[in-house]
Structures are given as C-alpha cells and as structure tokens.
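What follows is calculated from the coordinates using simple rules that are stated; it is not laboratory data. For clarity, every value in this text was computed on a predicted model and none was experimentally measured. Virtual Cβ from ideal backbone geometry, glycine too; neighbours counted across all protein chains shown.
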Amino acid sequence: MNEKGVLQVALINKLRKDKEMIIDKEELTLVKILALANLENRKVLEIGCGDGRITKGLLANSGSLIAIDPDSAAISTAKERIPEVDFRVGSGESLGFLNDCFDVVLFTLSLHHQNSSKALKEAAKVLNDDGQILIVEPVADSEISIICDIIESETDALNNAINAINTSMFKVVFAEEFYPEWEFENNRELYSWLFDHYQIPYDKSKVVRINKLLGDKKRSRPINLGDKHVIISLVIDAD
C-alpha cells in the first residue's frame, strides 16, 4: 500500500473515534484490498458497498470508482458521507454496465448475499480481459460469526459462494485469511447491533445463548470480538 493509502486508513480511523461500535478496528480489510489490488488509474466497481465503510479508502487510490448496493437506505447514507463517489442502487446479479468497462471488480463481503454464480458471470461481462476480481468474504467459524449464527446462520450461503468461485470461469491467483476485530462499548451495544442488523425483535432466549458464548467477556468494557475473512484474487482463466 502506498503512502496515500496509509494516510487514508489513518484518517478513517480518526473519523471513527467518535463512534462507539467499531467494525474492523485496524481497517485490515481496506489494508488487504489496497495491498492486493493495483487501483491507481484503474476503473473500479465495488459491489456491496453498504454505507461506504470501505469505499472511502478505495476512492483515494483508484482512477474512477462506482459503488453499488441493493439497499437504497445504505446508498443514501453513503452519498451523504462521501458525496464525491458515484454511488448507485444495484445488484451484482444484474449489472447495468457495458461489457469490458472495469479493470477491477470488488465484492466487499457481499458475494454470499446474492446468487453467487450469477453475480460472478455478471462480473465477467463487465471486466476487461486482463482485469481482476477481488472478493472479501467472512469465514463461518470466527467469534463474531458464531454469535451472529444465533440470530441467523450464513454458513450455507458462505459455502455456496466459495463453491461458485471454484466452479466459475475464473482462476484463483491468491487467497489469504486475515483477522479483523470488532469493538462494542458493552454487551448491550452488541445485542442492539445484532437485532437491528438482522431486523428482528429483541429475543431474550437468544440473548441468553449469546451470553453463554461470551462467557466472562459479557462484563468487559469494551467487548472485543474476533472476526475472520478471506480475500481472494481472481483472473479470467484463459486455459
């Protein structure tokens, strides 16, 4: 990662100090993306940008950037936070772009949230012949994932995404696991985030199960929870 990228990560961390809950405290996801993808002077498409948490760091390092997400509310938030980015409501399953128009297509923790095979085929259409697909996905056995499974399991969806990669027209040129960390002010903030994120009513029985997994951590202030992601670089298999 170049000096500009390092400064951008530092700025994002500084801006987040006024927030309580912190996803990926050290911005490892952004660091890994910038280390693996040469974004300078390249046309980049981010699929699954959410509210722009990662997007800000991509903007500072890419030639041009379009970021899409199916959640219109998240896109509205992203536009307010980062008005200089071309944010659009859209799905990886149906990309409304010309063929061969991007140098890098990035799935930011989003491939498993859609028909993964269809999304990869769409990505292949809009990618230049010598372009790069970069995928960041959660791994199901992390501390935070196991807690989230109490609310809603994503294990099958994550497995489907990996199978889609392995059976796609792409060749894996690099894959690496890394370990972000989440921070919650206390256990109440963790519960609040979980029920809000999955949009379900508060459920005391689920809280009991979460507390059992947390053990002594439930009394910690803050609560730090480990995560695990895999970053995968793909190119079109010419063989």
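Structure notes:
- Residues that are under 21 Å from THR55 (Cα atoms) and either in a loop (DSSP other than H, G, I, E, B) or touching a helix residue (DSSP H, G or I) at 6+ places or on another chain (Cβ under 8 Å) (or both) occur at least once in segment 137-152.
- Scanning segment 184-229 for residues that are hydrophobic (A, V, I, L, M, F, W, C), buried (at least 17 other Cβ atoms within 10 Å of the Cβ) and outside any helix (DSSP H, G or I) yields PHE184, ILE223, LEU225.
- In segment 92-112, residue surrounded by the fewest Cβ atoms within 10 Å (Cβ to Cβ) [restricted to those that are in contact (Cβ under 8 Å) with a residue 40 or more places away in the chain and part of a strand (DSSP E or B)]: ASP103
- Selection of segment 65-74 for residues being buried (at least 21 other Cβ atoms within 10 Å of the Cβ) and over 20 Å from GLY131 (Cα atoms) yields only ASP69.
- Reported count of residues in segment 22-38, each being outside any loop (DSSP other than H, G, I, E, B) and either touching a residue at least 60 places away in the same chain (Cβ under 8 Å) or in contact with an Asp or Glu (Cβ under 6 Å, 6 or more places away or on another chain) (or both), is 6.
- One residue alone among ASN115, ASN41 is surrounded by fewer than 20 Cβ atoms within 10 Å (Cβ to Cβ), within 19 Å of SER168 (Cα to Cα) and free of Cβ contacts under 8 Å to residues at least 24 places away in the same chain, and that residue is ASN115.
- Criterion (of a type outside the set (A, V, I, L, M, F, W, C) and either in contact with a helix residue (DSSP H, G or I) (Cβ under 8 Å, 6 or more places away or on another chain) or farther than 29 Å from LEU95 by Cα (or both)) met by exactly one of ASN187, ASN128: ASN187
- Residue within segment 163-182 that is of a type in the set (A, V, I, L, M, F, W, C) and within 14 Å of CYS49 (Cα to Cα) present: no
- When residues of segment 44-64 are limited to those that are touching a helix residue (DSSP H, G or I) at 6+ places or on another chain (Cβ under 8 Å) and assigned to a loop (DSSP other than H, G, I, E, B), the one surrounded by the most Cβ atoms within 10 Å (Cβ to Cβ): CYS49
- Some residue of segment 158-178 being of a type outside the set (A, V, I, L, M, F, W, C), out of contact with any strand residue (DSSP E or B) (no Cβ under 7 Å at 6 or more places or on another chain), assigned to a loop (DSSP other than H, G, I, E, B) and farther than 20 Å from HIS113 by Cα: no
- Among the residues of segment 118-150, those that are crowded, with 17+ Cβ neighbours inside 10 Å and under 20 Å from ILE223 (Cβ atoms) comprise PRO138, SER142, GLU143, ILE144, SER145, ILE147, CYS148, ILE150.
- Cβ-Cβ under 6 Å pairs, at least 6 apart or on other chains, segment 149-168 side touching a residue at least 12 places away in the same chain (Cβ under 8 Å), far side surrounded by fewer than 13 Cβ atoms within 10 Å (Cβ to Cβ): ILE151/TYR198; GLU152/TYR198
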